[in-house]
Amino acid sequence: MAKESDMTPQQANVLRARFVEYMRLEAIVKVPAEKFMMSVIPANTSVLQTFKKEIKQLYKRGYSEPQIMEFLAANDMKVSAKDLATFLRTIRK
């Protein structure tokens, strides 16, 4: 195979070893970090931060806190009224 690719046997062996190591590492990582980050919010991030843009838009258009909570519930996000009120105070500034 080395002759067919214009490389020395040593070069072919190095490439093979790198490929084998790469494949071994790929087999260990079942869920890539990028995919995990798309589906899991970091622990120090508020669920409300994920919807900050939408919450701000609803609030500026006159939606009440119960209506915003309804919006969040429709998106499978459960938050307390107190947490939402605190969050709204931070985005009003």
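Over all pairs of different C-alpha atoms in the range 1-40, the reciprocal of the mean inverse distance, the Kirkwood hydrodynamic radius, equals 12.3 Å. Positive end of the dipole of the range 15-60 (Cβ unit charges, origin at the Cα centre): among Q57, M23, M38, the Cα lying farthest that way belongs to Q57. Helix 81-92 and the longest principal axis of the Cα set of the chain meet at an angle near 80°.
Under 8 Å for C-alpha pairs, at least 6 residues apart: give me the relative contact order for the chain, rounded to a whole percent.
Values: 26 pairs, mean separation 15.2, N = 93.
After rounding, I find 16 percent.
Size descriptors for the chain: radius of gyration and Dmax over Cα atoms are 25.6, 74 Å. Annotation: peptides 30-43, 57-70, 12-25, ranked by per-residue average of other Cβ atoms within 10 Å with the highest first, follow the order 57-70, 12-25, 30-43. Helix content alone sets the calculated 222 nm mean residue ellipticity of the chain: runs of n ≥ 4 DSSP H residues at -39500 (n - 2.57) each, divided across all residues, give -20000 deg cm²/dmol.
Of the listed pairs K35/K60; K35/K78; K53/K82; K30/K56, which have alpha-carbon separations greater than 31 Å here? Kindly include the intermediate steps, with their values, before the conclusion.
On the way: K35/K60 33 Å; K35/K78 24 Å; K53/K82 19 Å; K30/K56 37 Å.
Beyond 31 Å between Cα atoms: K35/K60; K30/K56.
Excluding same-chain neighbours fewer than eight residues apart, the aspartates and glutamates reachable from K52 by a Cα-Cα span under 20 Å are E65, E70, D76, D83.
What does the charge count around V79 come to, taking other residues whose C-beta lies under 12 Å from its C-beta (Lys +1, Arg +1, Asp -1, Glu -1)?
Taking every Cβ under 12 Å from that of V79, the sum is -2.
Computed from the coordinates by the stated procedures, all read-outs in this text should not be read as laboratory data. Everything numeric in this text was worked out from a predicted model, so none of it was measured. Cβ: placed from backbone, ideal geometry, glycine included. Neighbour counts: every protein chain shown.
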